[in-house]
Amino acid sequence: MTGILKVDQIQNNTGTGVMTFDSAGNTSAAGLITKPNLPYFLVQSPHTDVTYTNQVIPYNNVIEDQGNNYDTTNYCFTAPITGVYMFSFTCNGMTSNADRAYIQRANDGSNYYNIDSRGETFSSTNQGLHARGSENVSSYYYMGLQVPLKVNAGGKVRVRVNIGSVNTFHANFFTGYLIG
C-alpha cells in the first residue's frame with residue numbers, strides 16, 4: 001500500500017510540533033525537514049582556570065540542553081533513545097607528559113569505557129580515542145576531539161582525564177547531539 005501524506009507539520013498528541021516540512025526554494029521533492037526536539041546539549045567549563053588530573057572533567061555551565069539530558073552533578077549526558085550521537089570537547093594540556101582526555105561511554109549506564117577507532121571499548125586508562133597534548137610543551141596547549149558514537153537508551157557519555165593533567169576555563173566545552 002502506498003500513499004501520500006500532504007502536511008506541513010507533524011505534531012504530538014498535545015499539539016507540540018515534532019517535525020516541520022519547508023519546501024520553499026528547495027528543488028527536491030521532499031523539501032527541508034526540521035526536527036526541533038532532537039536531543040542536544042552544549043556545556044562549558046567554569047569561568048576560572050581549573051586543573052584536573054585522573055577525573056571526569058566537570059563541564060558544569062549549561063548553555064543549552066534540549067531535552068534536559070545533561071547532568072551537572074556527574075557531568076555526563078544520558079541518551080534518551082538509542083541512536084548515533086556526535087560528541088566533541090575541548091580542554092588544555094598542562095604538562096609535558098602527553099596529557100590525555102577521553103570520551104567515555106557506558107551503554108549500560110554505569111560501566112564506563114574508553115572508545116577506540118572501531119567503536120570497541122577499553123577498560124584500560126590509556127587506550128582508545130583521545131585528545132592528546134604535546135610531549136614537549138610544559139604550558140597550556142589546545143586539545144580537542146570529535147567522534148560519532150552509538151549510544152543505547154539510558155547509556156551515558158562523559159569526558160575524563162586519564163593521563164597527565166588538563167586545564168579548563170570558560171572557552172572550553174563539551175557538546176553532543178543526536179544524528180539519527
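Since every read-out is calculated from the coordinates, none of them should be taken as a lab result. Not measured: the values here are computed from a predicted model. Because the Cβ atoms are built from the backbone with ideal geometry, glycine has one as well, and the counts that use them run over all protein chains shown.
Using modelled amide H (1.01 Å from N, peptide plane; none on Pro or chain starts), what sits under 5 Å from the amide H of Gly155, excluding residues fewer than 5 places away?
HN-HN under 5 Å from Gly155: Ala79.
Can you list residues whose amide H is under 5 Å from Ile57's amide H, if they're 5+ apart or on another chain and H is modeled 1.01 Å from N?
Sorted by chain and number, the residues that satisfy this are Val159, Arg160, Val161.
Can you give the local net charge around Ile57? Use residues other than it whose beta-carbon is closer than 10 angstrom to its beta-carbon, Lys and Arg +1, Asp and Glu -1.
Overall, the nearby charge balance is +2.
Taking θ = phi - 60°, what integer Hz values does the Karplus form 6.51 cos²θ - 1.76 cosθ + 1.60 yield along the range 145-159, in sequence order, with x for Gly and Pro?
Ordered by residue, 3J(HN,Hα) equals 8, 9, 8, x, 9, 7, 10, 6, 4, x, x, 10, 9, 8, 10 Hz.
What lysines does Lys6 reach when the alpha-carbon gap must be under 30 Å and sequence neighbours fewer than 8 apart in one chain are set aside?
Cross-link targets: Lys35.
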